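A quick write-up on the structure given underneath.
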Amino acid sequence: MITDLDIASNSCKDKILSNILFKPITFMKLVSESNCATETVEKYLSIHLTNENICQKKGKFRILYSPELSKLDLDFFELMLNPTVKAVTLVLLKSDALSQIELVSIIDKSNPSVSRSLKLLMDKKLIRRNYHAPYSTYELINKSKIFGYLEKTSPNIAENFDQFDLCYPKASIFLTVHK
């Protein structure tokens, strides 16, 4: 005889697997999105990992992902877990080259935070720095490649990207910088 508990467990098991195979996800986000108890999620994760239906990467975050996901896609997903890096990447994906001060103003993050994000993105060779005396601008090296990563790791962002709009707070403050 099948009980309500068995049905709920099977739906949790299926929900967990389909969430992970759809896109990479952190453990805590998986618990939240699956609406299953943490212990239940952990139980089914161990089954899926043992059966090699999914993979995991442990670091600052525990990331669960499809075995079909490439290492580059996984590295990009892990990088985008930092909200400032994600914001900088999305703004640069939507715009032409911008200076650090423009990025600070647009994404409303601190200058040191944006600076760290730019360094991370440069270290990963995702952006390039264009030197102009007395300032620099930053731009993505390959926008279509970055968008491809987004499609695999954050399909919701990729699907709604056209609705994302940049709002320059006061564009006039940048006019003197670019002369």
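The values are calculated or read from the model by the stated rules, or taken from the named source; none is laboratory data. Keep in mind it's a predicted model, so treat the numbers as computed, not measured. Virtual Cβ from ideal backbone geometry, glycine too; neighbours counted across all protein chains shown.
Things worth noting here:
- Some residue of segment 97-107 being within 24 Å of Phe22 (Cα to Cα) and assigned to a helix (DSSP H, G or I): no
- Residue list for segment 40-56, filter: assigned to a loop (DSSP other than H, G, I, E, B) and at negative phi: Asn51, Asn53, Ile54
- For the condition free of Cβ contacts under 8 Å to residues at least 60 places away in the same chain and in contact with a Leu (Cβ under 8 Å, 6 or more places away or on another chain), Leu93 does not qualify.
- In the set Asp96, Asp75, only one residue is within 18 Å of Ile25 (Cα to Cα) and surrounded by fewer than 18 Cβ atoms within 10 Å (Cβ to Cβ); that residue is Asp75.
- Qualifying position, being under 15 Å from Leu72 (Cβ atoms) and modelled with pLDDT under 95, among Leu103, Leu150: Leu150
- Restricting segment 29-43 to residues that are of a type in the set (Ser, Thr, Tyr) and surrounded by fewer than 21 Cβ atoms within 10 Å (Cβ to Cβ), the residue that is nearest to Cys12 (Cα to Cα): Thr40
- Among residues of segment 63-73, those that are touching a Ser or Thr at 6+ places or on another chain (Cβ under 9 Å) and at pLDDT below 95, counted: 2
- Qualifying residue in segment 137-147 (condition: in contact with a Phe, Trp or Tyr (Cβ under 9 Å, 6 or more places away or on another chain), farther than 30 Å from Phe22 by Cα and in a helix (DSSP H, G or I)): no
- Selection status of Tyr138, surrounded by 15 or more Cβ atoms within 10 Å (Cβ to Cβ), among the aromatic types (Phe, Trp, Tyr), within 15 Å of the chain's Cα centre (by Cα) and on the phi < 0 side of the Ramachandran plot: no
- Among the residues of segment 121-144, those that are out of contact with any strand residue (DSSP E or B) (no Cβ under 9 Å at 6 or more places or on another chain) and free of Cβ contacts under 8 Å to residues at least 40 places away in the same chain comprise Asp123, Lys125, Ala133, Pro134, Asn142, Ser144.
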